[in-house]
Amino acid sequence: MKLASLKQGRDGKLVVVSKDLGKYADAGAIAPTLQAALDDWTAASPKLEALYKDLNAGKAAASDFDPAACASPLPRAYQWLDGSSYVNHVELVRKSRGAEMPPSFWTDPLMYQGGSDSFLGPCDDIAMQSEDWGIDFEGEVAVITDDVPMGTPAADAGQHIRLLLLVNDVSLRGLTKDELAKGFGFVQSKPSTAFSPVAVTPDELGDAWKDGKVHLPLVSTLNGTPFGRPNAGIDMVFDFAQLIAHGAKSRPLCAGTIVGSGTVSNVDRSAGSSCIVERRLLEKINDGAIKTPFMKFGDSIKIEMFGADGASIFGAIDQTVKQYKYGS
């Protein structure tokens with residue numbers, strides 16, 4: 001099934017969205033918010049699934065679905081953990097900062113805890129004070145879990161995946177190096193993250209969901225021009241079960257925890273990239289000069305994933321960079 005949160009209050013209004021993303025049905029009688037549904041998933045999910053079937057069959061009261069009316073599926077979450085499963089990407093980015101990559105990154109997942117109190121909706125502006133901050137997009141896939149006990153092994157962690165969604169993990173490359181040099185992690189260089197209009201249950205992906213990975217291209221379009229379409233199932237060193245187990249090693253993860261894959265990247269560069277910094281580094285390596293600028297005010301980014309039938313699965317993250325002025 002496919003679920004979304006319309007903009008209403010701080011935590012949104014839960015709706016069920018049709019398979020073709022054309023219609024939605026109010027799910028408030030089942031759960032007022034997606035977080036409430038996740039808190040009682042055993043009871044809520046069969047009812048939401050029944051409503052989803054009725055909606056697709058034309059048997060439920062429905063309205064036209066507008067992604068611009070959506071908040072993030074979870075407008076705020078108890079936890080947002082972002083991994084870096086595509087280790088070849090990590091290696092390139094660290095090189096861009098003049099940092100060596102420890103060999104352990106190939107065997108032990110890299111993960112940071114991001115801000116989860118102010119997610120952006122799929123069509124919300126990326127509002128930044130300065131272009132000098134090096135505004136970049138990062139296309140990712142993520143999962144939402146139910147309650148995960150502390151110490152859950154990777155062999156069992158996959159059963160806690162309830163939903164999948166797409167991510168634009170906005171990064172400010174101009175702030176990253178100085179911030180990380182302090183040795184205390186990301187804060188300023190990782191502003192609010194955006195997510196796809198809908199979150200979907202794994203069965204919606206069919207054969208593309210296997211081995212804890214999504215085996216489909218992630219399509220990024222910058223200012224209307226194709227930027228990259230690397231396959232999210234290729235070169236993902238750590239699957240989602242391994243990422244969840246890593247996050248739960250020393251603490252439980254509560255229902256509604258979002259775990260990201262990290263920027264989707266393939267060793268075969270012919271499919272392009274899912275962020276600007278990767279392309280810039282490849283330009284420097286291959287051509288001796290960086291050609292692609294970071295995002296400017298007025299630039300737009302679209303991130304989407306399509307099934308074998310060519311239909312959009314999650315809807316599109318479709319954002320424009322705008323200048324932010326405090327107090328305006």
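Please list, short to long, the whole-number percent of alpha-carbon pairs of the stretch 47-154 in consecutive 10 angstrom bins beginning at zero.
With 10 Å bins starting at 0, P(r) equals 9, 27, 32, 21, 9, 2.
Give the cross-link partners of K190 among the lysines, using a straight C-alpha distance below 21 Å as the criterion and excluding same-chain residues fewer than 8 apart.
Excluding near neighbours in sequence, the set is K95, K177, K182, K296, K302, K322, K325.
Compare K284, K23, K177 in a GNM of the chain, Cα atoms joined below 10 Å, and give the one with the largest fluctuation.
Of K284, K23, K177, the Gaussian network model singles out K284 as fluctuating most.
Using Cα pairs under 8 angstrom and six or more residues apart, how large is the relative contact order of the stretch 115-228, in percent?
With pairs under 8 Å counted, the relative contact order is 28 percent.
Normalised by the residues of the stretch 80-182, what does the relative contact order come to in percent, with Cα pairs under 8 Å and at least six apart?
Rounded, it is 26 percent for the stretch 80-182.
As a test of understanding, state the convex hull volume per residue of the stretch 212-328 from its alpha carbons, in Å³.
Normalising the Cα hull of the stretch 212-328 by residue number yields 186 Å³.
Among all the lysines, which ones have a C-alpha under 17 Å from K2's C-alpha, if same-chain residues fewer than 8 places away are not counted?
Within the straight-line cut-off, K2 pairs with K13, K19, K23, K47, K53, K59.
Could you sort 194-204, 114-124 so that the peptide with the highest average Cβ count within 10 Å comes first and the rest follow in order?
Per-residue mean Cβ counts within 10 Å order the peptides as 194-204, 114-124.
Across the stretch 91-245, how large is the tail of the calculated P(r) beyond 20 Å, expressed as a percent of all Cα pairs?
Looking at the stretch 91-245, the distances longer than 20 Å represent 58 percent of pairs.
By how many nm would the segment from T292 to E49 grow when fully extended, if each residue of separation counts as 0.36 nm and the alpha-carbon distance is taken off?
Gain on stretching T292 to E49: 83.0 nm.
Using a Förster radius of 35 Å, what is the FRET efficiency between K249 and D178 based on their Cβ-Cβ separation? Nearest 0.05, please.
According to the calculation, E is roughly 0.75.
Which percent of the accessible heavy-atom area of the chain goes to carbon and sulfur, probe 1.4 angstrom? Mind showing how you got there, number by number?
Details: 7130 of 14310 Å².
Accessible surface attributable to carbon and sulfur in the chain totals 50 percent.
Once you keep just the Cα pairs under 8 angstrom separated by 6 or more residues, what percentage relative contact order results for the stretch 243-328?
The value is 16 percent.
Which value, in Å to one decimal place, does the Kirkwood hydrodynamic radius take for the chain when every pair of different Cα atoms is included?
Final number for the Kirkwood radius of the chain is 19.9 Å.
Which order, highest average first, do 295-304, 228-237, 104-113 follow once you tally other Cβ atoms within 10 Å for each residue and take the mean per peptide?
The packing order, highest mean first, is 228-237, 295-304, 104-113.
Calculate the dipole size of the stretch 164-229 relative to its Cα centre from +1 charges on Lys and Arg beta carbons and -1 charges on Asp and Glu beta carbons; express the result in debye to the nearest 20.
320 debye
For the stretch 209-328, with the dipole built from +1 on Lys and Arg beta-carbon atoms and -1 on Asp and Glu ones, taken about the Cα centre, which of P226, G212, M295 lies farthest toward the positive end?
M295
Any idea how far the Cα center of the stretch 50-110 sits from the one of the stretch 242-265, in Å?
One Cα centre to the other: 11 Å.
For the ranges 310-322, 70-82, 205-217, what's the packing order if you count other beta-carbon atoms within 10 Å of each residue, average per peptide, and put the highest first?
70-82, 310-322, 205-217
Hey, what number do you get for the chain at 222 nm if only DSSP H runs of n ≥ 4 count, each worth -39500 (n - 2.57), divided across all residues, to the nearest 500?
Calculated from helices alone, the mean residue ellipticity at 222 nm is -5500 deg cm²/dmol.
Please report, for the Cα atoms of the stretch 271-323, the Rg to one decimal and the Dmax as a whole number; what are they, in angstrom?
So, for the stretch 271-323, Rg and Dmax equal 14.4, 40 Å respectively.
Using unit Cβ charges (K, R positive; D, E negative) and no other charged atoms, how large, in debye to the nearest 20, is the dipole of the chain about its Cα centre?
520 debye
Once you place label points 7 Å from the Cα toward the Cβ at D207 and N88, how far apart are they in nm?
For D207 paired with N88, the spin-label model returns 2.4 nm.
Mind checking the dipole of the stretch 47-199: about its Cα centre, +1 per Lys or Arg Cβ, -1 per Asp or Glu Cβ, Debye to the nearest 20? Kindly include the intermediate steps, with their values, before the conclusion.
Working: 12 positive and 22 negative charges, 40 e Å.
My answer is approximately 200 debye.
Lys/Arg Cβ at +1, Asp/Glu Cβ at -1, dipole of the stretch 230-289 taken about the Cα centre: which of A271, A255, V237 is farthest positive-ward?
Comparing the listed Cα positions along the dipole, A255 ranks first.
With N set to the residue count of the stretch 155-210, report its C-alpha Rg divided by 2.2 N^0.38 Å to two decimal places. Spell out each step's value before the answer.
Numbers: Rg = 16.4 Å, N = 56, 2.2 N^0.38 = 10.2 Å.
Against the compact-globule rule of thumb, the ratio is 1.61.
Classify the stretch 62-114 from the C-alpha gyration tensor, please: rounded if a/c falls under 1.5, else prolate or oblate depending on whether a/b exceeds b/c.
Because a/c hits 1.5 or more and a/b exceeds b/c, the stretch 62-114 counts as prolate.
Accessible area per residue for the stretch 241-305 in Å², computed with a 1.4 Å probe and the full protein assembly in place, what is it?
40 Å²
If I fit a long axis through the Cα atoms of helix 276-287 and take the longest principal axis of the Cα atoms of the chain, what angle between them do I get, 0 to 90°, rounded to 10?
40 degrees
The values are calculated or read from the model by the stated rules, or taken from the named source; none is laboratory data. Note that the structure is a prediction, hence the values are computed from the model and not measured. Note that each Cβ is placed from the backbone with ideal geometry, even for glycine, and that neighbours are counted across all protein chains shown. Calculation scope for accessible area: heavy atoms of the full protein, side chains included, ligands and nucleic acids excluded. Shrake-Rupley method; radii C 1.70, N 1.55, O 1.52, S 1.80 Å.
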